[in-house]
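Engineer: One structure, as structure tokens, below. Some questions next.
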Amino acid sequence: MDKHVFEALSAETLPLRLSGNAALCDRIGGEHGRWQVKEVGDGNLNLVFIVTGEKGAAIVKQALPYVRLVGERWPLPLKRSFFEYHALVRQAARDPGMVPEILFFDAEQAMIIMEYLTPHVILRRALIAGRMPPKIGRDLGLFTARTLFRGSDLAMPTRDKKADLALFADNVELCDITENLVFSDPYIDAEMNRHTSPHLDGLVEELRRDRDLKVEAQRLKHIFSAKAETLCHGDLHTGSVMVTDDETRVIDPEFAFYGPISFDVGMLLANFWMSYFSQDGHETAAGERDRMRAYLLDTTETIWETFCDEFSMLWRAERKGILYQASLFEDRDDPFGSEQALTIVLDEIYREMLGFAGVEILRRILGLAHNADFETIDDLSRRAACESKALKLGRHLAVNRDRIASLRDIRATAQRLQQETLS
Ligand code: SR1
Ligand code: MG
């Protein structure tokens with residue numbers, strides 16, 4: 001077989017095809033005839049194999065030339081694997097220990113061989129099961145602050161930042177997915193949209209007629225496409241995080257692009273708010289998940305507070321880029337000038353972040369790509385009740401993002417919505 005012609009792997013062909021791969025053999029042991037291979041990909045796009053040998057295990061991730069969720073009628077370029085690899089390299093440098101170790105990358109085969117994380121589980125699955133990993137709020141707040149600050153013109157030499165901007169600008173097709181699936185399709189009668197029907201038909205119709213909401217969704221799309229501030233993960237939901245009680249790791253940055261600092265934080269918080277509303281559908285007795293609900297709201301606050309604290313610390317210690325130079329402030333005995341600027345920058349991130357959270361919630365219920373949090377609730381009336389509360393919060397965040405003072409206020413709104421539907 002020509003090494004350069006892409007060919008999708010299978011559990012059967014993988015051992016022979018990768019038998020000569022030194023990085024894989026070193027990690028798991030070289031006798032490929034005894035390797036065990038399991039395909040475990042449950043995402044929307046790629047193949048993921050766990051390969052186990054005598055010495056250990058590794059992950060082999062391969063992109064397919066189409067969207068796995070939809071099939072070959074939706075082609076998608078293999079180069080997304082290249083962007084995932086380059087994003088992982090940068091994230092590893094910006095927040096060491098928070099992404100899986102890369103063992104090997106092959107651009108032609110769109111394949112990344114990486115560390116097998118064990119006994120880690122996907123955070124979304126842990127939350128559906130009612131588990132409360134204790135460190136995620138802090139770890140994810142630090143990860144977002146460090147990767148987003150350090151990938152921007154606040155920290156990087158601008159020549160390097162512009163080179164990365166050019167590199168990631170070619171991730172066009174993955175940005176196109178987000179531009180359509182997050183910001184536009186949920187608000188029109190797009191072909192692949194679906195929602196829990198007929199239960200949510202009325203509310204969906206109302207949201208699609210909601211002029212203020214549609215204007216806000218387009219303003220946010222404008223920010224998403226025009227504000228190339230930093231290297232974003234691009235798809236930072238709870239399915240892109242793996243956890244144990246002691247460790248948090250972030251995976252799957254194939255949607256990486258230069259975008260607004262606020263984007264990853266907003267997407268992430270949205271997924272905790274959705275988890276919050278989905279808990280009703282998973283409890284076997286009323287009140288059983290009360291502690292879980294409190295934990296989820298606490299986590300949103302911890303992520304945001306940690307993000308702000310770490311971003312502020314980095315602002316003071318690592319602001320070496322072209323923006324808000326120390327030569328204008330600290331070096332002129334005006335440290336308060338840069339503190340004033342920091343407050344303004346964080347305030348703008350906060351308002352955008354709420355908006356992105358709002359549209360992420362809406363699209364996961366109205367659009368093509370839904371969340372297991374809701375999808376695993378078998379009783380459709382129950383699922384719809386959870387989803388309708390989430391939709392209301394999503395709309396509130398998107399439309400009122402300039403008028404919501406704090407995450408404590410969102411906590412109160414979420415709790416009110418939660419109570420309303422119980423009575
Ligand atoms: C067609 S891809 C659908 C969704 O899956 C990915 O994880 C992204 O969230 C994307 O929007
Ligand atoms: Mg993914």
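Derivation of every value follows stated rules applied to the coordinates shown; laboratory data play no part. From a predicted model like this one, the values you see are computed outputs, not experimental measurements. As a convention, Cβ positions derive from the backbone with ideal geometry for all residues, glycine included, and neighbour counts pool all protein chains shown.
Engineer: Kindly rank 259-266, 135-142 from highest to lowest mean number of other beta carbons found within 10 Å of each residue.
Structural biologist: 259-266, 135-142
Engineer: Using the number of other C-beta atoms within 10 angstrom as an exposure proxy, rank 408, 363 with the fewest first.
Structural biologist: By the 10 Å Cβ count, ascending: 408, 363.
Engineer: Would you list which lysines come within 23 Å of residue 61, measuring only between C-alpha atoms, while excluding same-chain residues fewer than 8 positions from it?
Structural biologist: Those lysines meeting the cut-off are 3, 38, 79.
Engineer: Lysines within cross-link reach of residue 320: Cα-Cα under 16 Å, excluding same-chain residues under 8 positions apart?
Structural biologist: 161, 162
Engineer: Shifting gears a bit: Per DSSP H run of at least 4 residues, take -39500 (n - 2.57); add these up for the chain, divide by its residues and hand me the 222 nm value, nearest 500 deg cm²/dmol.
Structural biologist: -16500 deg cm²/dmol
Engineer: Taking only C-alpha pairs under 8 Å that are 6+ residues apart, what is the relative contact order of the chain in percent?
Structural biologist: In percent, rounded to a whole number, it is 17.
Engineer: With only Lys, Arg, Asp and Glu charged, each at its Cβ (+1 for the first two, -1 for the last two), find how big the charge dipole of segment 241-314 is about the Cα centre; round to the nearest 20 debye.
Structural biologist: Charge dipole, segment 241-314, about its Cα centre: 200 debye, nearest 20.
Engineer: Have a look at 203, 127, 314 and tell me which one the Gaussian network model of the chain (Cα, springs below 10 Å) gives the largest fluctuation.
Structural biologist: 203
Engineer: Explain nothing, just the number: dipole magnitude of the chain about its Cα centre with +1 on each Lys and Arg Cβ and -1 on each Asp and Glu Cβ, in debye rounded to the nearest 20.
Structural biologist: My answer is approximately 240 debye.
Engineer: Can you give the charge dipole size of segment 1-100 about its Cα centre, rounded to the nearest 20 debye, using +1 on the beta carbon of Lys and Arg and -1 on the beta carbon of Asp and Glu?
Structural biologist: The dipole of segment 1-100 has a size of about 260 debye.
Engineer: Taking segment 255-331, which trypsin sites (Lys or Arg not before Pro) meet the DSSP loop condition and have no more than 12 other C-beta atoms within 10 Å?
Structural biologist: Of the trypsin sites (Lys or Arg not before Pro), the ones in loops of segment 255-331 whose Cβ has at most 12 other Cβ atoms within 10 Å are 320.
Engineer: Now a separate question. Each residue of segment 5-14 in turn: what ³J(HN,Hα) in whole Hz from Karplus with 6.51, -1.76, 1.60 and θ = phi - 60°, glycine and Pro shown as x?
Structural biologist: 8, 4, 9, 5, 7, 9, 4, 6, 8, 4
Engineer: Moving on to the next point. Zone of residue 305 (label point 7 Å along Cα→Cβ, backbone N under 16 Å): which residues in segment 383-423?
Structural biologist: From segment 383-423, the list is 406-412.
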